[in-house]
Amino acid sequence: MSAPQSAPSSAPIRQDDFIQSIFDAFQFISYYHPLDYIQALGRAYEREESPAAKDAIAQILTNSRMCAEGKRPICQDTGIAVVFLKIGMHAKWDATLSIQEMVDEGVRRAYLHPDNKLRASVLLDPAGKRINSKDNTPAVIHTEMVAGDQVEVICAAKGGGSENKAKMVMLNPSDSIVDWVLKTLPTMGAGWCPPGILGVGIGGTPEKAMLLAKESLMAPVDIQDLIKRGPANRIEELRLELYEKVNALGIGAQGLGGLTTVLDVKIMDYPTHAASLPVALIPNCAATRHIHFHLDGSGPAKLTPPRLDQWPQVAWAPNTQTSTRVNLDTLTPADVAAWQPGQTLLLNGKMFTGRDAAHKRIQEMLQKGEKLPVDFTNRVIYYVGPVDPVRDEAVGPAGPTTATRMDKFVEMMLSQTGLISMVGKAERGPAAIESIKQHKSAYLMAVGGAAYLVSKAIKSAKVVAFADLGMEAIYEFEVADMPVTVAVDSTGTSVHNTGPQEWQAKIGKIPVVVA
């Protein structure tokens with residue numbers, strides 16, 4: 001009887017190589033979209049018939065190329081670090097740190113890199129003091145032991161706007177997955193920055209379904225190939241059905257109404273209990289960011305940048321013929337009341353910034369009868385938490401955050417501070433819209449996923465209040481031709497309601513939904 005053969009083994013994976021690879025990966029994905037995603041978005045731009053959606057996609061595509069050229073973040077929300085590891089059973093390590101410690105060190109170096117500092121968004125003590133860790137650690141790691149002697153790594157940076165829209169349900173085995181997705185998706189609003197990708201996890205247990213949905217988003221965009229060759233199994237049939245029916249909802253880019261809401265639908269499944277049908281839904285936003293590599297002990301991963309000539313040839317620029325220039329320094333309530341739904345504006349002058357933490361502190365000060373540190377009379381506030389500047393920048397990437405998180409503060413701000421308008425991304429809820437209508441205010445929408453493009457319109461930035469809040473401090477920005485759309489006008493008309501309704505009706509009249 002012959003002796004058993006020993007498993008082949010690569011050289012040990014060195015600690016420094018692993019850390020360097022994690023560092024390189026998170027820097028890389030901060031400014032390079034996956035090429036498959038950006039090319040799919042380019043095809044969607046060519047097909048799009050909605051002017052508002054086409055303009056939004058043009059901004060996202062232009063922003064993407066600018067980031068690739070300037071090596072600066074695609075989005076101001078540079079995400080929470082998520083790492084999938086498949087570690088070979090025979091892999092060897094030359095390391096003294098744990099997997100978590102090595103990943104965290106790579107993430108720490110990536111997010112604090114002086115040439116391209118990324119925004120630290122991770123908070124410790126999430127149910128308590130919510131203290132920023134300052135370096136975006138710890139990462140969220142999913143580890144699986146597999147055959148072989150190598151390590152497979154996927155690094156993803158997942159923004160809060162899309163993560164907050166994650167959904168999970170325990171359906172009855174006889175329930176329709178398609179019906180649940182089509183019922184659920186419109187309730188998610190546009191805070192996940194469509195057009196993006198939907199990840200669906202089916203089966204297992206509740207937590208397994210969520211993990212499947214997240215992992216499915218790491219796969220390449222290939223729905224057009226699937227359409228050409230046809231489905232080979234039930235999961236592929238389900239992908240095609242959801243892709244067509246979700247796009248038929250007419251939600252469109254940034255929720256403004258249009259032909260493309262999703263560029264792909266990804267599904268992973270796992271066996272489940274006979275009494276159960278767990279289903280999870282997680283979207284990837286317009287700032288889709290992930291990369292896949294292997295380590296075999298021969299050194300750090302080699303990441304190949306895409307060529308700039310592979311980007312769609314789309315170049316957005318402010319259009320003074322179709323957009324109205326607005327002077328923020330002389331803005332009056334009468335000016336705001338005259339804006340029309342869907343009107344595009346180019347903002348010039350000074351505005352304040354503020355998001356969750358700043359609004360909460362303003363609320364506490366007003367309740368105590370304290371004087372606010374800034375005067376909001378006839379001013380505009382921009383919901384943003386910018387990236388720190390590098391080199392000669394006035395500010396780093398500074399795209400809008402989801403406006404609905406500030407809905408509960410709208411009445412306070414409009415009735416007690418003198419504020420007359422707000423800028424953010426996605427829709428407003430019914431209570432906020434009613435306050436806007438009552439006070440003859442307006443809500444302006446900037447494009448999520450165009451953060452570097454927007455930052456180029458910001459000519460100066462200084463912290464004017466709540467400096468201890470970091471990126472959530474109140475800044476004063478001076479802007480030049482910053483592009484926005486009137487999303488809710490002074491009468492309470494919301495383009496996030498009217499746009500999708502219009503395009504759902506139009507798409508319903510198209511014999512075959514444009515893929």
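I'm trying to understand the selection: among the residues of the stretch 493-514, which are open to solvent by 20 Å² or more (accessible area, probe 1.4 Å), modelled with pLDDT of 95 or more and not in a helix (DSSP H, G or I)?
Answer for the stretch 493-514, where residues must be open to solvent by 20 Å² or more (accessible area, probe 1.4 Å), modelled with pLDDT of 95 or more and not in a helix (DSSP H, G or I): just THR493.
Would you mention how many residues in the stretch 215-238 are in a helix (DSSP H, G or I), charged (D, E, K, R) and within 10 Å of VAL265 (Cα to Cα)?
1
Residues are listed down the side, and each one gets a yes or a no for (1) on the phi > 0 side of the Ramachandran plot; (2) assigned to a loop (DSSP other than H, G, I, E, B); (3) open to solvent by less than 10 Å² (accessible area, probe 1.4 Å); (4) of a type outside the set (A, V, I, L, M):
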{"site": "HIS359", "(1), (2), (3), (4)": "no, no, yes, yes"}
{"site": "MET365", "(1), (2), (3), (4)": "no, no, no, no"}
{"site": "LEU372", "(1), (2), (3), (4)": "no, yes, no, no"}
{"site": "PHE376", "(1), (2), (3), (4)": "no, yes, yes, yes"}
{"site": "PRO389", "(1), (2), (3), (4)": "no, yes, no, yes"}
{"site": "PRO400", "(1), (2), (3), (4)": "no, yes, yes, yes"}
{"site": "ARG405", "(1), (2), (3), (4)": "no, no, no, yes"}
{"site": "VAL410", "(1), (2), (3), (4)": "no, no, yes, no"}
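If SER455 meets every condition in (1) touching a helix residue (DSSP H, G or I) at 6+ places or on another chain (Cβ under 9 Å); (2) closer than 28 Å to ARG130 by Cβ; (3) among the small types (Gly, Ala, Ser) apart from one, which number is that one?
(1)
Please enumerate the residues belonging to the stretch 152-192 that are in contact (Cβ under 8 Å) with a residue 60 or more places away in the chain, assigned to a loop (DSSP other than H, G, I, E, B) and open to solvent by 10 Å² or more (accessible area, probe 1.4 Å).
ASN164, LYS165, ALA166, ASN172, PRO173, ASP175, GLY189
Does the stretch 15-54 hold any residues that are within 20 Å of the chain's Cα centre (by Cα), crowded, with 21+ Cβ neighbours inside 10 Å and within 20 Å of ARG119 (Cα to Cα), and which are they?
Correct list: ALA25, PHE26, GLN27, ILE29, SER30, TYR31, HIS33.
Need the failing condition index for ARG428 against (1) among the basic types (Lys, Arg); (2) in contact with a strand residue (DSSP E or B) (Cβ under 6 Å, 6 or more places away or on another chain); (3) open to solvent by 30 Å² or more (accessible area, probe 1.4 Å), just the number.
(3)
Kindly list the number of the only condition in (1) over 21 Å from the mean Cα position of the chain (by Cα); (2) surrounded by 14 or more Cβ atoms within 10 Å (Cβ to Cβ) that fails for VAL146.
(2)
Would you point out the residue of the stretch 241-268, among those that are among the acidic types (Asp, Glu) and open to solvent by 10 Å² or more (accessible area, probe 1.4 Å), that is farthest from ASP175 (Cα to Cα)?
GLU244
Starting from the stretch 125-151, keep only residues that are under 29 Å from HIS90 (Cα atoms) and of a type in the set (Gly, Ala, Ser), then list their pairs with residues that are modelled with pLDDT under 95 and not in a loop (DSSP other than H, G, I, E, B) whose Cβ atoms are within a distance under 8 Å, requiring at least 6 positions of separation or different chains.
none
Would you mind listing the strands (runs of 3 or more DSSP E) fully within the stretch 269-339 where at least 1 residues are among the polar types (S, T, N, Q) and either open to solvent by 60 Å² or more (accessible area, probe 1.4 Å) or on the phi > 0 side of the Ramachandran plot (or both)?
Ranges flagged: 324-327.
Condition (residue is open to solvent by 40 Å² or more (accessible area, probe 1.4 Å), at positive phi and either at pLDDT below 95 or in a loop (DSSP other than H, G, I, E, B) (or both)) applied to the stretch 111-119: is it met by at least one residue?
Of the stretch 111-119, the ones open to solvent by 40 Å² or more (accessible area, probe 1.4 Å) are 112-115, 117.
Next, from what is left, pick out any that are at positive phi: none.
Among the residues of the stretch 111-119, not one is open to solvent by 40 Å² or more (accessible area, probe 1.4 Å), at positive phi and either at pLDDT below 95 or in a loop (DSSP other than H, G, I, E, B) (or both), which makes the answer no.
Mind listing just one residue for me: the one in the stretch 94-110 that is touching a residue at least 24 places away in the same chain (Cβ under 8 Å) and open to solvent by 50 Å² or more (accessible area, probe 1.4 Å) and, of those, nearest to GLN150 (Cα to Cα)?
ASP94
Could you check the stretch 56-101 and list, in sequence order, the residues that are of a type in the set (S, T, N, Q) and touching a helix residue (DSSP H, G or I) at 6+ places or on another chain (Cβ under 8 Å)?
Selection gives GLN59, THR62, ASN63, SER64, GLN76, THR78, THR96.
Look at the stretch 441-468 and say how many of its residues are among the aliphatic types (A, V, I, L, M) and open to solvent by 40 Å² or more (accessible area, probe 1.4 Å).
3
The values are calculated or read from the model by the stated rules, or taken from the named source; none is laboratory data. Keep in mind the model is a prediction, meaning the values are calculated, not measured. Here Cβ is always computed from backbone atoms with ideal geometry, including for glycine, and neighbour counts include all displayed protein chains. Please note that ligands, DNA and RNA were not included when accessible areas were found on the heavy atoms of the full protein model with its side chains. Shrake-Rupley method; radii C 1.70, N 1.55, O 1.52, S 1.80 Å.
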